[in-house]
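Read through the structure below, which is laid out as structure tokens, and then see the notes.
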Amino acid sequence: MMSTPRVGSARKWRFIVAAIIVAGLAFQFWRSDPRALDALRLPAPGLLAAALVMGAASYLLLLDAWRYLRGLRESRRDVGGVWFASLFARYAPGAVWQGAIRVGSAHFAGESKRVVLERYVAEQALACFSATTVSLALIVLAHVPTEPWLVGTLAFVATAACAATVIGSRLGAALHWPLSAVLSVFGAHASMGLGFVALVSSLTATISAPDAAAYVVMFFVAAIAGLLALFVPAGLGVREAVLASMLTPGFGAAPAIAIAIAARVWLLACEGLAFALWWIATRRARNRAA
């Protein structure tokens, strides 16, 4: 009987931590010189639309990756409902609901809860591996200035994710990555990275190729930090704080915070757009079948 209040308190505590981080960002933004925001502009409609399209496409590709990881020859219509529900559940306090929805759906579908949980872990490990690998490749190929400790951290996360998958698979766990899933996740991250570049460009000005590569690295470093920050829901606040701190040298504190917050709003809009596209396509398919 005592476990329920403790679990509820832990969930509230995680939400409070996220609120404190967001409040800190808001305070830093408030105490900044308002004139610094002159570096930003109203979003350019064309670039903003491109950012939304590429962001939504990235989530549909991540949905495909989950289909391939399950290995059951399912369509997007079959797995999209649960996948999108778990995606939005990340924002609920507790940092466990995304996996809980996957396991709960497996229970009601008569599937192995252990296997679904292992595939969920494989999905998260693949996301970390892809984001870190893309970042490292851009750092090397585009000569993005990066602190050695950050390069080492990215390499460690990529190695740990890959090693966990290889070792777990050999031990009999459902942690293997089909090539189709790997390609889908890498494609999703490429689309998402380009979408973020389009978003930043819509708020600032034309971006050079080296700057674009640097912004993609910053975006993925912040995303990985948010993914690994299990103490807050959906990395709320952590992602924004890391991204803002990395953007500050180039833009200043206030514009960097504004861009980081705009990135979160953009991601939410992309999730909603991807879900809307999936829902419309699913409804049309059902109507045709009827």
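In cubic angstrom, how much convex hull volume per residue do the alpha carbon atoms of the stretch 164-213 span?
Hull volume normalised by residue count: 97 Å³.
At R0 = 30 Å, how high is the FRET efficiency between Arg114 and Phe156 if r is their beta carbon distance? Nearest 0.05 is fine.
Efficiency computed from Cβ-Cβ geometry: 0.60.
State the percent of C-alpha pairs, over all pairs in the stretch 135-290, separated by a distance greater than 19 angstrom.
63 percent
Dividing the convex hull volume of the alpha carbon atoms of the stretch 79-168 by its residue count, what do you get in Å³ per residue? Could the numbers behind the result be given before it?
Working: hull volume 11.6 nm³, N = 90.
Spread over its residues, the Cα hull of the stretch 79-168 gives 129 Å³ apiece.
Roughly speaking, what is the centre-to-centre gap between the stretch 185-245 and the stretch 114-129 when only Cα atoms are used, to the nearest Å?
22 Å
Throughout, read-outs are computed from the coordinates displayed, never taken from laboratory work. On a predicted model such as this, the values are computed, not experimentally measured, just so you know. Virtual Cβ from ideal backbone geometry, glycine too; neighbours counted across all protein chains shown.
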